[in-house]
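A short reminder: the numbers here are calculations on the coordinates, not readings from a lab. Keep in mind it's a predicted model, so treat the numbers as computed, not measured. Cβ sites come from the backbone with ideal geometry, for glycine too, and all protein chains shown count toward neighbours.
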Amino acid sequence: AQSVTQLGSHVSVSEGALVLLRCNYSSSVPPYLFWYVQYPNQGLQLLLKYTSAATLVKGINGFEAEFKKSETSFHLTKPSAHMSDAAEYFCAVSVNQAGTALIFGKGTTLSVSS
Amino acid sequence: GAGVSQSPSNKVTEKGKDVELRCDPISGHTALYWYRQSLGQGLEFLIYFQGNSAPDKSGLPSDRFSAERTGGSVSTLTIQRTQQEDSAVYLCASSSAGGGYGYTFGSGTRLTIV
């Protein structure tokens with residue numbers, strides 16, 4: 001069975017600083033990996049996804065993530081944080097395009113201070 | 001419709017009552033998912049519908065929970081004899097071809113059991 005671990009339930013950065021949100025997965029077969037963002041009182045929005053093409057995936061709002069099979073990781077980064085990036089971020093894994101549901105991590109809340 | 005629509009957005013009900021939560025997916029999306037989001041627990045998978053196939057009910061926490069999807073479109077999640085631990089945000093998502101392509105989420109129904 002697949003699973004996702006997000007290291008750090010809360011990350012705080014200053015505006016302009018690097019954002020790094022960590023995600024490790026467990027899967028016995030090649031995974032599909034996703035990052036979602038949830039702004040307060042809103043649903044989840046897809047940031048980016050890895051589906052076995054390029055290992056470096058670029059998403060919306062300047063975010064990107066790199067799939068590292070040897071480390072079973074899919075960390076999310078952004079070079080320079082904006083105040084508007086403050087939200088909750090979820091990493092998710094799936095192993096079958098047309099079958100199983102996504103399995104989500106418990107989320108990381110990102111705070112950005114001025 | 002343009003997005004995934006959920007109703008009601010908020011629901012407060014007395015312990016022991018039954019509740020129905022509605023999800024209207026994006027037109028043409030064959031896959032529909034229900035998740036439960038509790039504080040600090042991430043997203044818990046509940047049930048998954050794919051076209052005319054039998055639903056994957058493996059995530060339903062008890063037999064008090066049930067869901068149906070009529071005509072391959074609108075879905076209703078029913079919780080019978082509600083308990084306080086059922087308080088959570090219930091999120092619905094739809095997808096055109098299963099989890100590997102990512103989901104579009106609704107804004108959720110915040111359910112409070114008093």
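For the reader, a short list of remarks on this structure follows.
- Proximity of backbone amide H atoms, modeled 1.01 Å from N, is registered between B:Ala67 and B:Thr78 at under 5 Å, excluding neighbours fewer than 5 places apart on the same chain.
- Between B:Ser9 and A:Asn61, the FRET efficiency from the beta-carbon distance, with R0 = 25 Å, is close to 0.50.
- For the protein assembly as shown, the Kirkwood estimate of the hydrodynamic radius, built from every pair of different alpha carbons, is 18.0 Å.
- GNM top mover of B:Gly102, B:Gly59, B:Gly40 - chain B, alpha-carbon springs below 10 Å: B:Gly40
- Over chain A - Rg/Rh using Cα atoms and the Kirkwood inverse-distance radius: 0.96
- Compactness ratio for the range B:12-114: Cα radius of gyration over 2.2 N^0.38 Å (N = residue count) comes to 1.03.
- Residue-count net charge about A:Ala86 - beta-carbon cut-off 14 Å; Lys, Arg +1, Asp, Glu -1: -2
- Pairwise FRET efficiency - B:Val114 versus A:Gln42, Cβ, R0 = 25 Å, nearest 0.05: 0.50
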